[in-house]
Amino acid sequence: MKKTLIGLAVLGTCMTNAYAQSSVTIYGIIDAGVTHVTNDNASRTTLEAGQMQVSRWGFRGQEELGGNLKAIFDLEGTLLNDTGTAGVGTGTPSTTSLFDREASVGLTGDFGTLTFGRQNILGVGSVGLADPMNLAFAATSPNVLFAAMNHSGVYGPFGANNGGTALRQNNSVKYISPYFHHVGFALMRAFGEQPGSTDKSKYEGASAFYHTGPFGASAAYARMTDITGNAMLKSYALGLRYTGEKFAIRSTYSSNELNTTQRRISVFGIGVDLPVAPALTLTGAVYDTRHTGDAHDNSQQYIAIAKYAFSKRSTGYVSIGRAVTDTVVSATQINLAQGFVSVGSDSANRFTMGIMHYF
């Protein structure tokens, strides 16, 4: 009987250790704000989700496999908490994907990280970290819409996303290296899975990044084709970041070009964070977006944000912004201030107040 009890105790300890070697985390962001936008000919007031950061939820897990090797997975979807729905439409025809932001599984260890599934393009994980306003106001940010190629009316047909925007790619393999003397790199390939061709609807990307102390720099390159394999979209981007005790400064430059029309869209941005009190941070950002090649247009955005941290998880914010374009926006042109300046206007002012909670 004594031996049996000892055996059960040992077995219980082993099972406890086995369970301790794996974990699953539920995480997310709930963000909502009241926004008032005044255009040349109209104004509107809305309650919108995902202002400071896109509202999301997800499951992230890992399991220890021994030898510093881990199996990992990540499932993440958009939350539209202003209406209570989850997931957004992707692809053509549009279908709601529950985990539209990420759906990947892979391995990580001393060799780096290798993942498979639906994933962000490489620029998001490198240059995106230097975005002037920390990827706030994603629905109107030039870096999200044009640098990350998330404007559906412009970048829909390219890459392995069934007609969806280029920001996230289906059927992809991504490798991220460990740091070597503060330098790392990443490679990614998304397969178009078109019969008889490996060149149709593909994505290929590479990035490099450098971080030491308060300084960081990153660069990304990508090329992707449409379903014919003839039209190719190429892009490159650079990001610089300095994060000090008294201030932080971030700057990005990106450009992408379509070979069939020579359309080029470029975005330059710069922003500064000023911590004026332990819980209060002020952010100022400027973006200049240019469309050249097949057409010529120019747009600027000027953003000011005040964020107050109620706790480590909850933040209140107030923002004012202004956007201007060279020409009056029409229903048929590429709108360089998408979602900010309305059709029939060439400028707009925006005021937003909201709260964001991490869990």
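Here are the numbers for the structure shown:
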| quantity | calculated |
| --- | --- |
| Scope the range 148-171; condition modelled with pLDDT under 95 and either assigned to a helix (DSSP H, G or I) or surrounded by fewer than 22 Cβ atoms within 10 Å (Cβ to Cβ) (or both); matching residues | H151, S152, G153, V154, Y155, G156, P157, N162, G163 |
| Residue count for the range 315-359, restricted to those that are loosely packed, with under 14 Cβ neighbours inside 10 Å and over 30 Å from N298 (Cβ atoms) | 1 |
| Test: L114 is touching a Phe, Trp or Tyr at 6+ places or on another chain (Cβ under 9 Å), touching a residue at least 60 places away in the same chain (Cβ under 8 Å) and within 15 Å of G269 (Cβ to Cβ) | no |
| Those residues of the range 59-107 which are surrounded by 19 or more Cβ atoms within 10 Å (Cβ to Cβ) and touching a Leu at 6+ places or on another chain (Cβ under 7 Å), in sequence order | G77, F99, E102, A103, G106 |
| All positions within the range 242-252 that are hydrophobic (A, V, I, L, M, F, W, C) and under 22 Å from the mean Cα position of the chain (by Cα) | A248, I249 |
| Test for A186: is it within 23 Å of F73 (Cβ to Cβ) and in contact (Cβ under 8 Å) with a residue 24 or more places away in the chain | yes |
| Criterion violated by S197 - all others in (1) modelled with pLDDT of 95 or more; (2) closer than 30 Å to G117 by Cα satisfied | (1) |
| Subset tally (residues that are over 27 Å from A306 (Cβ atoms), within 16 Å of the chain's Cα centre (by Cα) and not in a strand (DSSP E or B)) for the range 39-87 | 1 |
| The range 273-315 - residue that is of a type in the set (V, I, T) and touching a residue at least 60 places away in the same chain (Cβ under 8 Å) and, of those, farthest from T228 (Cα to Cα) | T315 |
| Any hit, the range 172-180, residues being without any contact (Cβ under 8 Å) to a residue 40 or more places away in the chain, buried (at least 17 other Cβ atoms within 10 Å of the Cβ), at negative phi and of a type outside the set (S, T, Y) | no |
| Residue ID - nearest to the chain's Cα centre (by Cα), chosen from residues in the range 212-241 that are part of a strand (DSSP E or B) and surrounded by fewer than 16 Cβ atoms within 10 Å (Cβ to Cβ) | Y221 |
| Test: residue in the range 128-137 that is in a strand (DSSP E or B) and of a type in the set (D, E, K, R) | no |
| Cβ-Cβ under 6 Å pairs, at least 6 apart or on other chains, the range 50-63 side touching a residue at least 60 places away in the same chain (Cβ under 8 Å), far side of a type in the set (S, T, N, Q) and surrounded by 16 or more Cβ atoms within 10 Å (Cβ to Cβ) | Q51/T352 |
| Filter pass, Y203 being under 30 Å from V34 (Cα atoms) and crowded, with 23+ Cβ neighbours inside 10 Å | no |
| Candidate set from the range 273-297 (those that are crowded, with 17+ Cβ neighbours inside 10 Å and at pLDDT 95 or above); member that is farthest from V329 (Cα to Cα) | T281 |
| Residue within the range 85-100 that is of a type in the set (A, V, I, L, M, F, W, C) and modelled with pLDDT of 95 or more present | no |
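The values are calculated or read from the model by the stated rules, or taken from the named source; none is laboratory data. Since the model is a prediction, treat every value here as computed from it, not as a measurement. Positions of Cβ are backbone-derived with ideal geometry, glycine not excepted, and every protein chain shown enters the neighbour counts.
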